[in-house]
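Asks: I have a structure I would like to understand better, so I am pasting it below and will then ask my questions one at a time.
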Amino acid sequence: MKTNHCKIVDCTIRDGGLVNNWDFSVDFVQQLYAGLNEAGVDYMEIGYKNSPKLLKGAEEAGPWRFLNDDFLRKVIPQKGNTKLSALVDVGRVDENDILPRSESMLDLIRVACYSKDVDKALALVQTFHDRGYETTLNIMALSNVMENELLEAFELIKESTVDVVYIVDSYGSLDHNDVKYLVEKFKTHLPNKRLGVHTHNNMQLAFSNTLVAAELGVELLDASVYGMGRAAGNCPTELLVAHLKGTKYNLRPVLGVLEQLMVPLREKEEWGYILPYMITGALDEHPRSAMALRSSEDKDNVVDFYDKLTTPEVNFDK
């Protein structure tokens, strides 16, 4: 399997922040960056670059939810080879908050949207491209997008300046055949674009789905250390580092980060393969109902949860 074209984007702070409301200490993030840099990981997504004034609950979230450039300069005074990335959501970012790349710590800005907002996302991409950044477009919830909608989106994307287009398995519901089908479709319709993949582990397929994509030529592979991410989490960085052949990656520093930071954190916070997330993945649904269950007293009542999700009339009794 040839994977020397692949680059790892570690999303531990950004996607993992959805687990603990971005409550990571500066020391934690610095240690993580140092470990990833030593391991040869290509990008670290250090948070969101959304605007606090456009989101509810901004006061309670940690600083990685709304990255401030001055703050970031203090956190990473010496940048290594690992580039820094941030994600923005359409409708939640004020483009005036984004400095030109020459004045910023960030190298890559990724724009996430649903398929209906691809035009708005590409307008943001153009702005960030003009300011000198590498860019990606991440179309979320692909498993729920109608064919004609996707084809319309491809027409816009093909003509745009975006560098990389992502195949995102938002609900952790895709298997290897789905990934193969989507990668081939994206390659057919977007022959001029590089591709990325972002998987979730609801059905314990995040790692294998990522490898399938890599084998088909997908270049940017999203992952997080110990799989930390919303609900079932992501493809584990350490598995990619250990497995990708013909690459420069070094596993030992990632094991250091796991031992020092992630194992203790996992004792306090919950993420990963857990039955309610498996159920929403199997049913191709957003994990929000499973997340609500896990924070209730009935957190292990999986049969009742399954029945509620699969019996239409029960849903309307509430």
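The values are calculated or read from the model by the stated rules, or taken from the named source; none is laboratory data. It should be emphasised that the depicted structure is a prediction, and the values quoted were computed from it without experimental measurement. Cβ sites come from the backbone with ideal geometry, for glycine too, and all protein chains shown count toward neighbours. Calculation scope for accessible area: heavy atoms of the full protein, side chains included, ligands and nucleic acids excluded. Shrake-Rupley method; radii C 1.70, N 1.55, O 1.52, S 1.80 Å.
Asks: Specify which of the listed residues (G132, G91) is without any contact (Cβ under 8 Å) to a residue 60 or more places away in the chain, open to solvent by 20 Å² or more (accessible area, probe 1.4 Å), in contact with a Ser or Thr (Cβ under 7 Å, 6 or more places away or on another chain) and at positive phi.
Replies: Of G132, G91, the one residue that is without any contact (Cβ under 8 Å) to a residue 60 or more places away in the chain, open to solvent by 20 Å² or more (accessible area, probe 1.4 Å), in contact with a Ser or Thr (Cβ under 7 Å, 6 or more places away or on another chain) and at positive phi is G132.
Asks: Same structure again: Could you list all residues from the range 61-90 that are within 21 Å of the chain's Cα centre (by Cα), charged (D, E, K, R) and not in a helix (DSSP H, G or I)?
Replies: Correct list: K83, D89.
Asks: Any idea how many residues of the range 250-285 are open to solvent by less than 40 Å² (accessible area, probe 1.4 Å) and either within 23 Å of M44 (Cβ to Cβ) or in a loop (DSSP other than H, G, I, E, B) (or both)?
Replies: So the count comes out to 11.
Asks: What number of residues within the range 37-60 satisfy the criterion of being modelled with pLDDT under 95, assigned to a loop (DSSP other than H, G, I, E, B) and over 18 Å from R110 (Cβ atoms)?
Replies: Going through the range 37-60 one residue at a time, the tally reaches 2.
Asks: Scan the range 268-292 and report the pairs whose first residue is of a type in the set (S, T, N, Q) and whose second residue is in a helix (DSSP H, G or I) and exposed (fewer than 15 other Cβ atoms within 10 Å of the Cβ), with Cβ atoms within less than 9 Å and a gap of 6+ or a chain change.
Replies: Going by the 9 Å Cβ cut-off, the qualifying pairs are T280/R288.
Asks: Inside the range 7-32, can you point out the residues that are in a helix (DSSP H, G or I) and open to solvent by 10 Å² or more (accessible area, probe 1.4 Å)?
Replies: Scanning the range 7-32 gives R14, L18, V19, N20, V26, D27, F28, Q30, Q31.
Asks: Would you confirm, using the coordinates I've provided, whether A86 is crowded, with 16+ Cβ neighbours inside 10 Å and touching a residue at least 40 places away in the same chain (Cβ under 8 Å)?
Replies: So A86 fits the description; yes.
Asks: Does G132 qualify as being within 19 Å of Y43 (Cβ to Cβ), in contact with a Pro (Cβ under 7 Å, 6 or more places away or on another chain) and either charged (D, E, K, R) or not in a strand (DSSP E or B) (or both)?
Replies: When the stated conditions are applied, G132 passes them.
Asks: Can you report the number of residues in the range 34-63 which are of a type in the set (K, R) and either under 22 Å from E219 (Cα atoms) or surrounded by fewer than 17 Cβ atoms within 10 Å (Cβ to Cβ) (or both)?
Replies: Result for the range 34-63: 2.
Asks: Looking at V118, V75, which is the one that is open to solvent by less than 20 Å² (accessible area, probe 1.4 Å), under 22 Å from N20 (Cα atoms) and among the β-branched types (V, I, T)?
Replies: V75
Asks: Of everything in the range 18-76, what is of a type in the set (K, R) and touching a strand residue (DSSP E or B) at 6+ places or on another chain (Cβ under 9 Å)? Give them in sequence order.
Replies: K49, R65
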